[in-house]
Amino acid sequence: MDGSNAMWGGRFAEGPAAVMREINASIPFDKRLWKQDIAGSKAHVAMLGARGIVSAEDAATIAAGLDQVAAHYAANGVAEDLGLEDIHMQTEARLAEAIGPVAGRLHTARSRNDQVATDFRLWVRDAIDQVLAALGGFQAALLVRAEEHAASVMPGFTHLQSAQPVTLGHHLMAYHAMIARDVSRFADARVRMNRSPLGSAALAGTGFPIDRAMTARALGFDGPMTNSLDGVSDRDFALDYLVAATQCALHLSRLAEEFVLWASQPFGFVALSDQWSTGSSIMPQKRNPDAAELVRGHSGRIMGCMTALMVTMKGLPLAYSKDMQDDKPPVFEAHDLLALSIAAMTGMVKSATFRTERMRAVAEAGFATATDLADWLVREAGLPFREAHHVTGRAVKRAEDLGIALDALSIEDLKAIDARIDDRVYGVLSVDASVASRTSFGGTAPDNVRAAIRAARETSE
């Protein structure tokens, strides 16, 4: 060993043995699986007892001992003993301390390979349930604010340029629709993953007369996985979670970005609560949308977690390889970040003060009803759309020159541009008339927005 290499100092002073102990151990992160490990072990030993693979007395002793271990973990946490390299060995060691040598019967007809696959699948299933509950709360917050602002006019943008007026309620409901797709992705992933790998053993199954259907039922699975090789080596369920988490994080990031823009002085569309913004260390007038910016940043980290596990899994031959020990950290990290992001965005939506007068003023100033004028010329004056588009462009130019909104142009100004325009045109040139006219299904008309809110609430009940 080269003593000049600083990498071998400190905790690696023992040399290769210390490095191997640390690189091999997963207990610092897989200790999060302790509840699932206890649940899987209790289901397994109950089955062993029912099938006569271990005696009923031993099964009862082991089950009681597992309850003692669980109580210890709940009270004291899980010790990071690198000698007991993972949560499975830690639990078995604590079980032996509690009940003696009979603890060794627990691992009959089971491998750490199917054990960890089961534990991790149970954890991800629990994580999905937590995300679904959190997203339900976020959607509820969006519905409340969308209903409050079903008729509040704001500029709708394409290319971040003022395009057509919409309502704030309609804008918020767009995010509700995105989150509904996220909910469906997580729910689909949960259905697809709800099969038990327990009983696959190391890779080939076992010669013991186990009942895989019994353990699957006990753990809330729909049934056992059909192939033992796939049972121990599949991590699609973790990738499904990460893909859904990434898509959800992208949606949260888009809303976060809008809050960052809207909270800036040039926009002035929203004032974020003091709970969700911070002050500047040097500029006393500033309020920084830090929570929104962090949600935006977290989306990149969550995407990185997804990529990390995909790259880890992409070239692994069947069945289990030690690389798969690295499956859990990216999922744990992504879940923690996503939970924070959902909570932060829910809080921001609930507490934001929307400056609707400013939104309306910007919508009115951006000639956002130009398309309404073009549509009116087609519908009422019989112009081909391309000609109507040209006439409307001249009207916008005239309003720009005068420094007024389209609906402030006099009828004389409009007739000078095209004699076929008459007083009826003012019925479509205001921003309120514009949004009220967008009654096609999915459009921004306030009545449409309210109908969409009602439908969303009925779907969630």
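The values are calculated or read from the model by the stated rules, or taken from the named source; none is laboratory data. None of the values given here were measured: they were computed from a predicted structure. Backbone-built Cβ (ideal geometry, glycine too); neighbour counts: all protein chains shown. When the accessible area is computed, the model is the full protein with side chains, heavy atoms only, and any ligands, DNA or RNA have been set aside. Shrake-Rupley method; radii C 1.70, N 1.55, O 1.52, S 1.80 Å.
Data overview
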| read-out | value |
| --- | --- |
| Of all residues making up the range 428-437, the number that are in a helix (DSSP H, G or I) and open to solvent by less than 50 Å² (accessible area, probe 1.4 Å) | 6 |
| Answer residue from the range 199-235, given it is among the aliphatic types (A, V, I, L, M) and within 30 Å of the chain's Cα centre (by Cα) and is surrounded by the most Cβ atoms within 10 Å (Cβ to Cβ) among those | V232 |
| Candidates D114, D126, D119, filtered to the one that is charged (D, E, K, R), assigned to a helix (DSSP H, G or I), open to solvent by 40 Å² or more (accessible area, probe 1.4 Å) and at pLDDT 95 or above | D126 |
| The one condition in (1) on the phi < 0 side of the Ramachandran plot; (2) surrounded by fewer than 20 Cβ atoms within 10 Å (Cβ to Cβ) that M173 fails to fulfil | (2) |
| Cβ pairs under 7 Å, 6+ apart, first in the range 216-241 and outside the structural domain of M47 (by the TED database), second among the β-branched types (V, I, T) and part of a loop (DSSP other than H, G, I, E, B) | none |
| Residue match in the range 47-68 (condition: within 20 Å of V124 (Cβ to Cβ) and either modelled with pLDDT under 95 or open to solvent by 10 Å² or more (accessible area, probe 1.4 Å) (or both)) | no |
| Residue check, E80 of a type outside the set (A, V, I, L, M), open to solvent by 40 Å² or more (accessible area, probe 1.4 Å) and modelled with pLDDT of 95 or more | no |
| Filter pass, A352 being surrounded by 15 or more Cβ atoms within 10 Å (Cβ to Cβ), assigned by the TED database to the domain that holds A117 and more than 17 Å from the chain's Cα centre (by Cα) | yes |
| In the range 91-111, residue surrounded by the fewest Cβ atoms within 10 Å (Cβ to Cβ) [restricted to those that are closer than 21 Å to A71 by Cβ and β-branched (V, I, T)] | V102 |
| Long-range neighbours under 6 Å by Cβ, at least six apart or interchain, first residue more than 13 Å from H335 (Cβ to Cβ) within the range 300-311, second assigned to a helix (DSSP H, G or I) and not aromatic (F, W, Y) | M303/T246; A308/P330 |
| Test: residue in the range 186-204 that is of a type in the set (K, R), in contact (Cβ under 8 Å) with a residue 60 or more places away in the chain and in a helix (DSSP H, G or I) | yes |
| Selected residue (criterion: surrounded by the most Cβ atoms within 10 Å (Cβ to Cβ)) from residues of the range 401-412 that are closer than 17 Å to D372 by Cβ and modelled with pLDDT under 90 | L406 |
| Residue match in the range 148-167 (condition: within 20 Å of the chain's Cα centre (by Cα), open to solvent by 50 Å² or more (accessible area, probe 1.4 Å) and not hydroxyl-bearing (S, T, Y)) | no |
| Tally of residues being within 15 Å of R112 (Cα to Cα) and in contact with a Phe, Trp or Tyr (Cβ under 7 Å, 6 or more places away or on another chain) across the range 224-246 | 2 |
| Selection within the range 44-64 - part of a helix (DSSP H, G or I) and within 11 Å of M214 (Cβ to Cβ) | H44, A46, M47, L48, G49, A50 |
| Single residue of the range 438-460 satisfying the filter (assigned to a helix (DSSP H, G or I) and open to solvent by 60 Å² or more (accessible area, probe 1.4 Å)) that is nearest to A163 (Cα to Cα) | D447 |
| Qualifying residue in the range 177-200 (condition: on the phi > 0 side of the Ramachandran plot and either of a type outside the set (A, V, I, L, M) or touching a helix residue (DSSP H, G or I) at 6+ places or on another chain (Cβ under 9 Å) (or both)) | yes |
| Close pairs from the range 126-141: first under 21 Å from D240 (Cβ atoms) and in the same structural domain as A256 (by the TED database), partner basic (K, R) and assigned to a helix (DSSP H, G or I), Cβ under 7 Å, at least 6 apart | I128/R190 |
| Matching helices (runs of 4 or more DSSP H) fully within the range 323-424 where at least 1 residues are of a type in the set (S, T, N, Q) and farther than 30 Å from V260 by Cα | 385-402 |
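Quick grid of which residues meet (1) aromatic (F, W, Y); (2) in the same structural domain as G207 (by the TED database); (3) touching a residue at least 24 places away in the same chain (Cβ under 8 Å):
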site	(1), (2), (3)
A70	no, no, yes
A75	no, no, no
V78	no, no, yes
E85	no, no, yes
A93	no, no, no
P101	no, no, no
R121	no, yes, yes
